[in-house]
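The values are calculated or read from the model by the stated rules, or taken from the named source; none is laboratory data. Worth saying up front: this structure is predicted, and the values here are computed from it rather than measured. Cβ coordinates were reconstructed from backbone atoms using ideal geometry, including for glycine residues, and neighbour counts include every protein chain displayed.
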Amino acid sequence: MTSLPVVSCCPPLGAPRLSDDEVVELERVFKALADRHRVRILNRLLSAGGEAVCVCEFEDMLGLKQSTVSYHLKQLLEAGIVEREKRGSFAYFSLAEGALAYVRGLLGE
């Protein structure tokens with residue numbers, strides 16, 4: 001039997017670019033966006049041009065009950081993607097300042 005020479009497949013990788021904290025943060029953001037309803041909410045907020053959107057608009061847009069919409073918004077809020085403000089008896093949501101730029105920065109160019 002003839003033995004083959006050992007060939008290295010790849011050069012060794014350098015040190016990880018992301019810290020452990022940054023990896024956890026990205027995981028939280030990706031988990032929050034790993035749902036079609038939350039992606040649609042994000043898309044609506046992006047199209048709002050910085051204006052806050054009433055929770056009732058998400059109910060109509062998604063065809064979901066208020067409690068389900070609130071659950072999805074809570075996931076985005078806890079991930080730091082959206083901000084909430086109360087206006088009378090209604091809650092309004094907008095993109096958190098710099099949230100997407102932060103994620104983009106972690107991912108690199």
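Considering segment 1-28, the residues that are of a type in the set (D, E, K, R) and modelled with pLDDT of 85 or more include one that is nearest to Leu76 (Cα to Cα), namely Arg28. The number of residues in segment 79-100 that are in a strand (DSSP E or B) and either in contact (Cβ under 8 Å) with a residue 40 or more places away in the chain or surrounded by 15 or more Cβ atoms within 10 Å (Cβ to Cβ) (or both) comes to 8.
Only residues that are outside any helix (DSSP H, G or I), within 21 Å of Ala34 (Cβ to Cβ) and touching a residue at least 12 places away in the same chain (Cβ under 8 Å) were counted in segment 47-78, giving 1. Any residue in segment 57-78 that is among the charged types (D, E, K, R), at pLDDT 95 or above, within 18 Å of the chain's Cα centre (by Cα) and surrounded by 15 or more Cβ atoms within 10 Å (Cβ to Cβ)? No: zero hits. When you scan segment 8-19, do you find a residue that is of a type outside the set (Lys, Arg) and surrounded by 10 or more Cβ atoms within 10 Å (Cβ to Cβ), even just one? Yes, that holds for at least one residue.
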